[in-house]
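Okay, structure first, notes after.
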Amino acid sequence: MNDWGDLAKTFLGACSDRKLLVATAESCTGGMIISLLTDIPGSSSVVDRGFVTYSNEAKIEMLGVSPATLEQHGAVSSETAREMAEGALKHSRAGISLAVTGIAGPGGGSADKPVGLVWLGIALSGKAAVTQKVIFEDNGRDFIRRETVKHALTMGLQGLADAPRPKY
């Protein structure tokens with residue numbers, strides 16, 4: 001298995017140890033995170049669902065992202081990533097969600113929001129959602145999307161580090 005496959009296995013194991021289901025809310029990765037997770041045998045005991053919300057309308061309809069947030073801050077923003085992560089929890093049975101929204105290129109970037117800019121969000125039940133901004137080097141669309149997947153899983157593992165394990 002490659003490094004990101006091993007990372008996905010580790011993330012699913014951490015979710016399983018904590019008896020948490022996972023949901024994803026993906027824009028720029030177009031479902032790559034949920035696909036990677038469900039490639040792993042046994043993932044059905046941990047994965048609840050994945051939302052691929054490429055358009056603003058999908059973010060609003062499927063996740064409950066506020067139209068005002070999208071209008072004020074844009075689809076690629078901390079506020080949108082936070083609302084995506086929170087919406088994935090609200091519209092699923094998951095206890096943890098990973099959200100990503102960014103500009104994978106090759107076009108679509110600007111001075112304020114360059115190609116490679118990604119906002120990631122993580123939400124855990126009972127805790128405030130956390131977001132993180134990353135600007136990946138513009139080494140092509142595939143590179144940016146793959147690095148986003150790895151970063152989201154790493155961020156998820158960091159969030160789970162503080163999550164309690166159930167007592168048996």
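Bear in mind these aren't lab numbers, they're just calculated from the coordinates by the rules spelled out. None of these values were measured; they are calculated from a predicted model. Glycine also receives a Cβ, built like all others from the backbone with ideal geometry; neighbour counts cover every protein chain displayed.
Points worth noting:
- For G74, the requirement of being on the phi > 0 side of the Ramachandran plot and within 14 Å of the chain's Cα centre (by Cα) is not met.
- Residue in the range 66-83 that is hydroxyl-bearing (S, T, Y), touching a strand residue (DSSP E or B) at 6+ places or on another chain (Cβ under 9 Å) and assigned to a helix (DSSP H, G or I) present: yes
- Any chance S16 is under 26 Å from G107 (Cβ atoms), surrounded by fewer than 22 Cβ atoms within 10 Å (Cβ to Cβ) and over 13 Å from the mean Cα position of the chain (by Cα): no
- Considering the conditions (1) crowded, with 20+ Cβ neighbours inside 10 Å; (2) in a strand (DSSP E or B), R49 is excluded by exactly one of them, (1).
- The listed residues are T101, T24, T29, and the only one of them that is of a type in the set (S, T, N, Q), touching a residue at least 60 places away in the same chain (Cβ under 8 Å) and part of a loop (DSSP other than H, G, I, E, B) turns out to be T29.
- Taking the range 132-158 as the range and being of a type in the set (S, T, Y) and either over 17 Å from K113 (Cβ atoms) or surrounded by fewer than 18 Cβ atoms within 10 Å (Cβ to Cβ) (or both) as the test, only T154 passes.
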